[in-house]
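The values are calculated or read from the model by the stated rules, or taken from the named source; none is laboratory data. Quantities reported herein were computed from a predicted structural model and do not represent experimental measurements. A quick note on method: Cβ atoms are made from the backbone with ideal geometry, for glycine too, and the neighbour counts reach across all protein chains shown. The protein model used for the area step is the full one, side chains on, heavy atoms only, and it has no ligands, DNA or RNA in it. Shrake-Rupley method; radii C 1.70, N 1.55, O 1.52, S 1.80 Å.
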Amino acid sequence: MAVLTHTGYTEEDKVIIQRHYRKLLRVIKGKYTEKRMKTIRDAFELAAKAHENDRRKSGEPYITHPIEVAIIVAKEMQLDATSVVCALLHDTVEDTEITLEIIQQEFGKKVALIIDGLTKISGVVDLTSSDSMQAVNFRKILLTISDDIRVILVKLADRLHNMRTLGSMKREKKLKIASETLFLYAPLAHRLGFYNVKSELEDLALKNKEPEAYDEITQKIQETKAARTRYINEFTKPIKQSLDKAGLKYTITGRPKHIFSIWNKMKKKNVAFEEMYDLFAIRIILDTPPELEKANCWRVYSIVTDHYNPNPERLKDFISNPKANGYESLHTTVMGHKGSWVEVQIRSERMHAIAEMGIAAHWKYKENNTDSTLDIWIKRVREILQNPEESENAIEFINNFKSELFDEEIFTFSPKGDMYILPKGATALDFAFNIHSMVGYQCIGAKVNHKLKPISYELQNGDQIEIITSKKQRPNEDWLKVVKTSKAKGRIRSALKDEKRTIAQEGKEMLIRRLKAMKLSTGHENQHEITNHFGLGTALDLHYEIAKRNIDLAELKKFTIKGDRLFAPKEIEEIQTKDVIIDADVHKLMRKDADLTIMGGMQGNIDYHFAKCCNPIPGDNVFGFVSIGQGIKIHRTTCPNAVQLMSKYGYRIVKVKWTNKKEIAFLTGIKLSGIDDIGLINKITKIISSEMKINIQSLSIETNDGVFDGQINLYVDDTDELDALLKRIKAMEGILSVGRV
Ligand code: MN
């Protein structure tokens with residue numbers, strides 16, 4: 001093969017690379033036009049040259065990874081030639097000298113756009129990133145859906161190959177990647193209709209997260225195989241005879257469910273493997289002309305139910321109402337022999353292709369499927385992503401997004417019979433907002449199937465809904481708890497904001513009157529000074545709090561007056577370090593009337609928890625934050641969230657202090673770095689556990705170029721104990737830094 005000629009690979013490496021590359025060529029042979037095949041070869045040449053000095057963790061030349069991703073894209077996902085090209089190039093801009101400009105010159109705008117998307121969403125696997133950073137990254141991934149759906153598809157293939165080759169990674173990293181896969185990538189694959197990719201991602205994630213459970217289930221599936229095959233043969237025998245008689249062309253399979261879904265069910269329903277009746281589903285796939293496929297599927301249904309009694313509650317007709325990912329099939333559960341339920345799935349070959357290959361098959365069959373539910377879904381994704389709400393943080397956003405777009409959906413109808421697809425759990429109020437925001441704002445109830453229901457009524461599949469409105473109705477805070485869709489939430493929030501503005505107007509007038517009476521400027525500087533003093537974010541917040549009488553304007557007397565300017569009373573403390581700055585801010589922000597003392601042993605009936613963001617321990621400077629429904633959360637005053645909490649919700653801050661130490665041990669973490677030396681880590685853990693008798697919860701050490709970075713989570717009684725420990729570690733030879741997390 002005339003490849004790799006101008007590269008620096010060794011002969012040995014070339015052999016390995018060519019083995020992978022030949023596999024790719026076999027897969028794509030005859031699939032794309034000759035022109036496109038050449039582009040694929042060019043992409044390979046460019047990527048191979050660019051990655052010539054890179055290696056995978058396993059030691060193989062790095063280029064084997066993009067080749068394998070390209071194979072997944074072409075073979076398992078059946079995508080187009082452009083996707084294959086992008087798969088080959090997906091890591092070049094991120095990891096090598098190749099720039100987007102070069103990609104654009106060589107392969108055109110479209111490819112450059114996709115590679116740009118892929119580069120933007122890389123780096124998501126970042127062990128040090130916090131949850132909110134992670135959510136921001138997830139959001140980035142989802143945003144690429146609006147650029148070109150192929151960004152996500154190639155990313156899925158990339159993730160699948162990485163999951164298949166996790167072997168050489170550190171355990172911690174494996175866990176992180178596996179969790180992310182379950183959180184985002186598997187649902188995405190599912191949503192885009194790549195059932196096989198989704199199942200494999202889930203199984204691989206389980207294998208890495210819970211290897212024992214995975215092995216156990218695999219083994220049991222193996223052990224019960226013979227008995228299952230016998231049962232399936234017996235079960236399908238009469239069905240086959242009738243199908244033959246009817247002259248239908250079909251294949252019947254009976255495959256066990258994938259390991260993750262078995263595990264999930266065992267856990268959710270708390271049943272043992274042996275007790276699971278639906279370990280497998282019988283699938284009947286029909287070879288039928290398209291115009292007869294629906295009728296023939298129902299013919300098969302009638303044959304199956306001639307032999308076995310169906311459970312009427314478990315008939316699912318995804319042919320008349322396909323799932324949003326395009327899935328079509330007829331599902332029924334019947335009573336088999338030996339008294340166990342068996343699920344039977346009936347579908348045509350076309351439906352089967354869509355079920356296995358999702359979006360790719362969709363494109364193939366597009367001619368007779370113009371506005372697919374999948375297109376509608378992608379449109380919805382775009383809508384949500386393009387109208388982010390200011391008040392929503394990244395984590396909230398991603399959770400909403402997930403629950404809305406990955407959950408099951410229900411089909412509902414307007415009185416005229418128009419169909420509306422909503423996420424499961426959506427209420428009558430969601431339906432109202434889905435029709436029009438004005439209908440939502442004025443919604444007071446609904447007639448569901450001609451019966452009167454409250455706005456909080458949870459919609460069911462097939463419901464027909466007529467919204468009842470009143471001109472007097474106005475949105476309120478509680479509505480946010482009633483609705484499920486982010487569209488409705490966004491509209492309600494913006495309406496509430498308008499209302500806040502109206503209320504704030506009154507406060508603004510009060511403030512201006514007061515300033516004028518004091519012969520002071522009503523300008524922006526003075527208002528800014530007052531806003532800051534009360535720890536509020538904006539002038540709007542200030543005006544609102546004044547109108548609500550949460551702020552006493554009499555306090556302005558404590559301000560210093562110079563000319564027509566106003567200056568907030570200064571803090572006495574000299575501010576030196578960053579910690580102290582936050583500390584001082586916190587004290588300033590604490591409200592005068594907040595003097596509740598809780599702490600130590602549970603005092604009275606006050607319910608409190610320690611905030612997970614900063615894990616306070618006795619001796620720390622702390623404050624309490626009145627949370628909704630979860631009692632009082634105790635934070636350290638140096639907590640990164642403190643300033644935000646105080647500034648946004650000053651009125652919810654209460655003072656707390658420690659009254660009693662050594663009640664329970666508190667979990668805290670220390671971060672340390674030093675010279676990489678096996679003996680050193682050993683010595684540290686010895687000091688912690690043997691000498692100081694402190695329990696270690698977990699320990700992770702990463703070494704890099706002779707230096708190690710580590711984190712130890714441990715249980716301490718109070719800050720005194722922690723300080724003593726930090727002091728001892730600091731004094732050790734080879735330690736570069738140590739401190740609390
Ligand atoms: Mn990659």
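Please list 45-54, 68-77 highest first by mean number of surrounding beta-carbon atoms within 10 Å per residue.
Packing proxy ranking, top to bottom: 68-77, 45-54.
When Rg is the radius of gyration of the Cα atoms in the range 218-365 and Rh is its Kirkwood radius, what does Rg/Rh come to? It would help to have the intermediate numbers written out before the result.
On the way: Rg = 15.7 Å, Rh = 16.3 Å.
So for the range 218-365, dividing Rg by the Kirkwood Rh gives 0.97.
What list of ³J(HN,Hα) values in whole Hz, one per residue of the range 450-456 in order, does the Karplus curve 6.51 cos²θ - 1.76 cosθ + 1.60 (θ = phi - 60°) give from phi, with Gly and Pro shown as x?
Taking θ as phi minus 60°, the curve returns 6, 10, 6, 9, x, 4, 8 Hz for the range 450-456.
Report relative contact order for the range 2-208 in percent, whole number only (criteria: Cα-Cα under 8 Å, sequence separation at least 6).
16 percent
Find out how many positive minus negative residues lie around residue 520, taking Lys and Arg as positive, Asp and Glu as negative, among other residues whose Cβ is under 11 Å from that of residue 520.
Charge balance near residue 520 sits at +2.
Output the direction-averaged projected area (hull surface divided by four) of the convex hull of the alpha-carbon atoms of the range 666-740, in nm². Present the calculation step by step, with values, prior to reporting the outcome.
Values: hull surface 16.9 nm².
Over all viewing directions, the range 666-740 projects a mean Cα-hull area of 4.2 nm².
Cross-link partners among lysines for residue 267, C-alpha distance below 17 Å, same-chain residues fewer than 8 apart left out?
207, 209, 220, 257
Dividing the Cα radius of gyration by the Kirkwood radius, what Rg/Rh value follows for the range 420-491?
On the Cα set of the range 420-491, Rg over Rh gives 0.91.
Run the reach check for residue 686 against lysines, Cα to Cα strictly under 17 Å, same-chain hits fewer than 8 apart removed. What comes back?
671, 727, 730
May I ask for the net charge around residue 449, where only other residues with Cβ less than 12 Å from the Cβ of residue 449 are counted and Lys, Arg are +1 while Asp, Glu are -1?
Details: positive: 447, 451, 453; negative: 463, 466.
With Lys, Arg at +1 and Asp, Glu at -1, the net is +1.
How would you order 307-314, 514-521, 183-190 from highest to lowest mean count of nearby Cβ atoms within 10 Å? List each step's numbers first, then the result.
Details: 307-314: 12.4, 514-521: 14.1, 183-190: 22.5.
Descending mean neighbour count gives 183-190, 514-521, 307-314.
Rolling a 1.4 angstrom probe over the protein chains, ignoring ligands and nucleic acids, what is the accessible area of residue 683 in square angstrom, nearest 10?
120 Å²
If you take the Cα Rg of the range 494-564 and divide it by 2.2 N^0.38 Å, with N the number of residues, what do you get?
Ratio of Cα Rg to 2.2 N^0.38 Å: 1.08.
Could you derive backbone 3J(HN,Hα) for the range 183-192 from the dihedral phi with the Karplus parameters 6.51, -1.76 and 1.60 (θ = phi - 60°), listing whole Hz in sequence and x where the residue is Gly or Pro?
6, 10, 6, 5, x, 5, 4, 4, 5, 8
Given a 1.4 Å probe and heavy atoms of the protein chains only, how would you sort 298, 263, largest accessible area at the top?
298, 263
Leaving ligands, DNA and RNA out of it, work out the accessible area of residue 341 with a 1.4 Å probe and give it in Å² to the nearest 10.
Counting only protein heavy atoms, residue 341 exposes about 80 Å² to solvent.
In what sequence, largest accessible area first, do 230, 299, 350 appear using a 1.4 Å probe?
230, 299, 350
So how much slack lies between residue 291 and residue 274, counting 0.36 nm per residue of separation and subtracting their Cα-Cα distance, in nm?
Length difference between fully extended and current span is 1.9 nm.
Counting only C-alpha contacts under 8 Å and six or more residues apart, can you give the relative contact order of the range 151-227 as a whole percent?
28 percent
Using modelled amide H (1.01 Å from N, peptide plane; none on Pro or chain starts), what sits under 5 Å from the amide H of residue 566, excluding residues fewer than 5 places away?
none
Which sequence of 493, 36, 191 reflects their accessible areas, 1.4 Å probe, from the largest down?
Descending accessible area places them as 36, 493, 191.
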